[in-house]
Amino acid sequence: MPLPIGDVIGLMVDNLNKRKTVFPIPHKRATEWAKGLNIPEGGKTVIYTGSMYQLLPYMIAAVKNMELVEDSFLGKFVFMGRFFNRMFNVSAFVSMPKKADVKRYRQIVHNIAKLLKKAGVEFGYLYKKELYAGTLAYDLGVDDAFSLQAKRVYDLLKENGVSTVITVDPHTTNIMRSVYPTIIDGYDIEVKSYLEVLAASDDFQPIHSVEKEITVHDSCVYARHEGVIDEPRQLLERAGYTIKEPKDNKALTHCCGGPIESIFPKMSHTIGTNRVQQLKDVTNGGAVATMCPICMASLKKASGGALEIEDISSFLVKAFCD
């Protein structure tokens, strides 16, 4: 039987209402990417991760378990997981990530911060105060839970004197820049993607030239909702990469399949496999740059190791940082 969508969504909503995130993880896990960077706490301008990259290893593990349940008799017992989750964090048992995944996604946020520092950008970080932006609740149409989380985030920013946030992923960018203003009266936070910040800095120049072909996989959210299309290409070209474009690109990019993975794992994999084939058709031994943690996870899984797929920050840091 298919997954009981109501119970799956309900479990995540319960987490958001009770624990302020869809997948509760220890504060140490959420903030350890900043170790060694000497980023001050707070300030008018802060880097805001929304814990998207940090949460991905846990989501990967959870989806793997969901795939075992999908189309099996176990699906009828998901409601029990939701019942017990209201009393204690069941997610800690069903979404135990691989250490390699935790390290990989932690390093991405670390690299993004390094790039910003290299560009001379001054910013702080809210550390354990930072909250999940509510992306999944918004994507799944759980309006009440999302609105509550949006208010929590906005109140947090105002209480800490934040006026500008630099986001690290497309979903948090879209939520905080384009969605929050539609539900929060007087919303006055300036929101910029780190890719926009870096591309706008003429002083941000590479110290190493990287001569390599790279295929760009656009984020649907960046390209279609936030207009972040040219910036990643400008940065890659500045670094010395030769850009290749798949069949569906820019504003007409093909979905990675990731947004529906939590409720339709098999359908998500099919969509991701179709996209991987498009990327294979033009990559020819090169690499693929993603700019969204969900895209990266979905395409890596669908490719089965047949393509080198990494976050764009991993490619940029090779050229711009020591």
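The values are calculated or read from the model by the stated rules, or taken from the named source; none is laboratory data. Source: prediction; values computed, not measured. Neighbour counts are summed over all protein chains in view; Cβ atoms, including those assigned to glycine, are modelled from backbone coordinates with ideal geometry.
So here's what we get for this one:
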{"read-out": "Search result, residues across the range 130-145 that are in contact (Cβ under 8 Å) with a residue 60 or more places away in the chain and over 17 Å from the mean Cα position of the chain (by Cα)", "value": "V142, A145"}
{"read-out": "Tally of residues being under 30 Å from F264 (Cβ atoms) and small (G, A, S) across the range 29-64", "value": "5"}
{"read-out": "V210 vs. criteria surrounded by 14 or more Cβ atoms within 10 Å (Cβ to Cβ), modelled with pLDDT under 95 and of a type outside the set (K, R)", "value": "yes"}
{"read-out": "Failed criterion for A306 (all others in (1) surrounded by 20 or more Cβ atoms within 10 Å (Cβ to Cβ); (2) closer than 19 Å to D101 by Cβ; (3) among the hydrophobic types (A, V, I, L, M, F, W, C) hold)", "value": "(1)"}
{"read-out": "Within the range 179-205, tally of residues that are within 22 Å of K158 (Cβ to Cβ), among the small types (G, A, S) and out of contact with any helix residue (DSSP H, G or I) (no Cβ under 8 Å at 6 or more places or on another chain)", "value": "1"}
{"read-out": "Matching residues, the range 162-207, being within 27 Å of I243 (Cα to Cα), of a type in the set (D, E, K, R) and either buried (at least 24 other Cβ atoms within 10 Å of the Cβ) or out of contact with any strand residue (DSSP E or B) (no Cβ under 6 Å at 6 or more places or on another chain) (or both)", "value": "D169, E196, D202, D203"}
{"read-out": "Any chance M96 is part of a helix (DSSP H, G or I) and modelled with pLDDT under 95", "value": "no"}
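Residue by residue, here is whether (1) exposed (fewer than 15 other Cβ atoms within 10 Å of the Cβ); (2) under 25 Å from R104 (Cα atoms); (3) of a type outside the set (F, W, Y) holds:
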{"position": "N249", "(1), (2), (3)": "no, no, yes"}
{"position": "C255", "(1), (2), (3)": "no, yes, yes"}
{"position": "M267", "(1), (2), (3)": "yes, no, yes"}
{"position": "T270", "(1), (2), (3)": "yes, yes, yes"}
{"position": "T273", "(1), (2), (3)": "no, yes, yes"}
{"position": "A287", "(1), (2), (3)": "no, yes, yes"}
{"position": "I294", "(1), (2), (3)": "no, yes, yes"}
{"position": "S298", "(1), (2), (3)": "no, yes, yes"}
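Yes or no, residue by residue, for (1) in contact (Cβ under 8 Å) with a residue 40 or more places away in the chain; (2) crowded, with 23+ Cβ neighbours inside 10 Å; (3) not in a strand (DSSP E or B):
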site: D218; (1), (2), (3): yes, yes, yes
site: A223; (1), (2), (3): no, no, yes
site: E237; (1), (2), (3): no, no, yes
site: I243; (1), (2), (3): no, no, no
site: P259; (1), (2), (3): yes, no, yes
